[in-house]
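A quick write-up on the structure given underneath.
The values are calculated or read from the model by the stated rules, or taken from the named source; none is laboratory data. None of these values were measured; they are calculated from a predicted model. Note that we place each Cβ from the backbone using ideal geometry, even for glycine, and neighbour counts take in every protein chain shown. Each accessible area value is taken on the protein alone, full model and side chains, heavy atoms only, with ligands, DNA and RNA left out. Shrake-Rupley method; radii C 1.70, N 1.55, O 1.52, S 1.80 Å.
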Amino acid sequence: MKPTITYAERASMASTRVKKANRLRQAAILLTLLSQVAFVDLSFAIGLAFTDGFEDGTTNKWSFPGTYYPATVVSTARDGGSPHTGTRMMEANWDGTVAWDDPRVYTYAQLPSWDYTNEFLLRFWIRYDADVDPKDGGKLMRLGPGIGINELYMGAQMQLSGGPLFIYTDVEGPGQVTYSGGNVGDNQWHKIEVYIKHDTGTNNGIVRVWTDGVLRIDATNVNSVPTGGRWEPFNVMSNWSNNPGWEHDANNHVYWDDFEIYSDTGTGANGSLADATASVGQGTQTLAAPRGLEVVP
């Protein structure tokens with residue numbers, strides 16, 4: 001004879017089954033959420049290694065290791081032009097009225113180093129003032145440890161219509177390779193982007209340069225390991241040669257704004273270094289840990 005089960009006992013058994021089922025569902029939900037967290041990549045392949053828009057009114061993020069006069073921060077260009085963004089920009093100058101080795105021959109600023117392992121993207125904006133002489137010879141910037149493999153520098157050929165930018169590099173091997181970088185001599189702001197990837201094997205490095213978003217250099221499968229192993233320092237401005245026909249006066253100003261360097265270290269950026277689409281805009285989010293979950297023992 002089967003034992004008699006009271007209504008209260010039957011209700012208690014049903015309640016126990018419900019609790020067990022609820023615990024199983026809660027456990028399944030927790031495992032699902034935790035597995036999603038485990039498989040979501042919260043890291044970023046690139047990060048912002050350096051930025052300066054000069055809005056603090058200083059060049060405190062830069063170094064001045066030489067004897068030349070330091071660049072300054074201004075709000076208005078000599079010809080009345082404005083910063084690219086914000087209210088301030090950096091001003092540098094070539095002075096052709098002094099000797100080539102005089103500390104006043106050009107003003108400068110240097111980034112001696114930044115965080116990266118094998119690749120980085122350097123982005124900045126430049127503007128030639130209306131007082132720049134229509135002469136050749138001025139080096140706008142220099143990247144790398146010095147002459148030899150490898151370095152990269154550029155400057156505008158102001159003696160030619162439009163001020164076409166020349167870009168010099170020797171990363172493809174012995175000899176000098178010069179590329180046309182478009183016109184920058186119109187007293188407007190122009191965006192320059194430089195992407196470098198070190199060799200990780202045999203001649204598989206990459207060097208790319210964009211002017212105003214147009215790819216000017218696309219050197220792949222090259223030897224891109226510089227002397228000393230790193231692409232540092234970065235120098236704003238360099239000498240203006242005093243070759244015959246290149247003489248210039250005391251006022252030849254160039255403005256710099258919105259420096260950004262992205263690299264393969266750190267976190268917090270989106271896009272691609274190699275395609276110059278790196279940014280710190282929308283989409284930079286981390287997934288919060290699940291809250292309010294509990295497994296009843």
Selection status of GLN282, modelled with pLDDT under 90, part of a loop (DSSP other than H, G, I, E, B) and either closer than 22 Å to HIS84 by Cα or in contact with a Gly (Cβ under 8 Å, 6 or more places away or on another chain) (or both) = yes
Has region 142-159 got at least one residue that is modelled with pLDDT under 90, closer than 23 Å to SER263 by Cβ and outside any loop (DSSP other than H, G, I, E, B)?
-> yes
Does MET89 count as open to solvent by less than 10 Å² (accessible area, probe 1.4 Å), under 25 Å from ASN60 (Cα atoms) and modelled with pLDDT under 95?
-> no
Flagged in region 45-80 as at pLDDT below 95, under 30 Å from THR277 (Cα atoms) and surrounded by fewer than 16 Cβ atoms within 10 Å (Cβ to Cβ), in numbering order, are ALA45
Give me the pairs: first residue in region 146-160 and charged (D, E, K, R), second residue at pLDDT 70 or above and open to solvent by 40 Å² or more (accessible area, probe 1.4 Å), beta-carbon distance under 8 Å, and six or more apart or on different chains, which are they?
-> GLU151/ARG142; GLU151/PRO145
Residue count, region 123-169, condition of a type in the set (Asp, Glu) and open to solvent by 10 Å² or more (accessible area, probe 1.4 Å), comes to 3
Could you grab the pairs with beta carbons closer than 7 Å, sequence gap of 6+ or different chains, first residue in region 75-86 and within 9 Å of ALA130 (Cβ to Cβ), second one open to solvent by 60 Å² or more (accessible area, probe 1.4 Å) and not in a loop (DSSP other than H, G, I, E, B)?
-> none
